[in-house]
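Please treat every number below as a calculation from the coordinates, not as lab data. Fair warning: this is a prediction, and the values are worked out from it, not measured in the lab. As a convention, Cβ positions derive from the backbone with ideal geometry for all residues, glycine included, and neighbour counts pool all protein chains shown.
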């Protein structure tokens, strides 16, 4: 890759860091760390890798302070065998920018730079089984990146079984899909962030879901901690870690009413 390309990517990485949601203290520590790496004589590709690695460590974990010194960081990176890929395939990036979520693992420098330049934001999140892991997420405004992330990974799980799925950003539920028996199942994903500020709108939406879908409507929560805020709506509640089993059951040939009772989710 042209040395000037790496220079541009390095400058983009610094700008992205300064605009990120990372605490000012961590930004200061990362920039100081970067200055020390420059003194150590590291190349631009290496600097880009380390800045991105430190952003991942600090993002969404504001209690973490970056204290590793340059020598330790270099030594650790060599253990992990971080390699700078430089070939024509990477130049093309091969990314679908309509895809809202990318796991950071395995991304090349060109791909990271492309995501940074197209509205993707770095965050740590739990997938449907474990975590947290670092992801690049492109928020579907006015939704938060957390909401976009969860809608995307749930839709991806459902699409393993069917193509009959719709994703909405309107007054309709976030996800509507048909199970194996052809029943329409509605999922409304909630992070709890908007409940306090848009209570009337949310009340109206849940009332509509309850009337139209009955026991085929579900609220999906990111954490059990906010469950009490949603039980009053009388709609079955699912937690993030229950989604894989729930989706599998929906395509087992059982009626939704049986699945709902088996999961003991009726409030």
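Please work out how much length the chain gains when fully extended from residue 124 to residue 195, using 0.36 nm per residue of separation minus the C-alpha to C-alpha distance, in nm with one decimal.
Details: separation 71, 0.36 × 71 = 25.56 nm, distance 2.25 nm.
Residue separation times 0.36 nm, minus the Cα-Cα distance, leaves 23.3 nm.
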Cα-Cα pairs of the range 145-263 separated by more than 19 Å (percent): 42
For residue 231 and residue 181 in one chain, what is 0.36 nm times their gap in residues minus the Cα-Cα distance, to one decimal in nm? 15.2 nm
Between residue 11 and residue 94, how many nm apart are label points set 7 Å from Cα along the C-beta direction? 3.0
Please give, to one decimal in nm, the separation of the simple spin-label points placed at residue 133 and residue 35, each 7 Å out from Cα toward the Cβ. 3.7
Over the range 145-263, calculate the relative contact order: mean separation of alpha carbon pairs under 8 Å at least 6 apart, over the residue count, as a percent. 23
Using label points projected 7 Å from each Cα along Cα→Cβ, tell me how many nm separate residue 252 and residue 169, to one decimal. 3.6
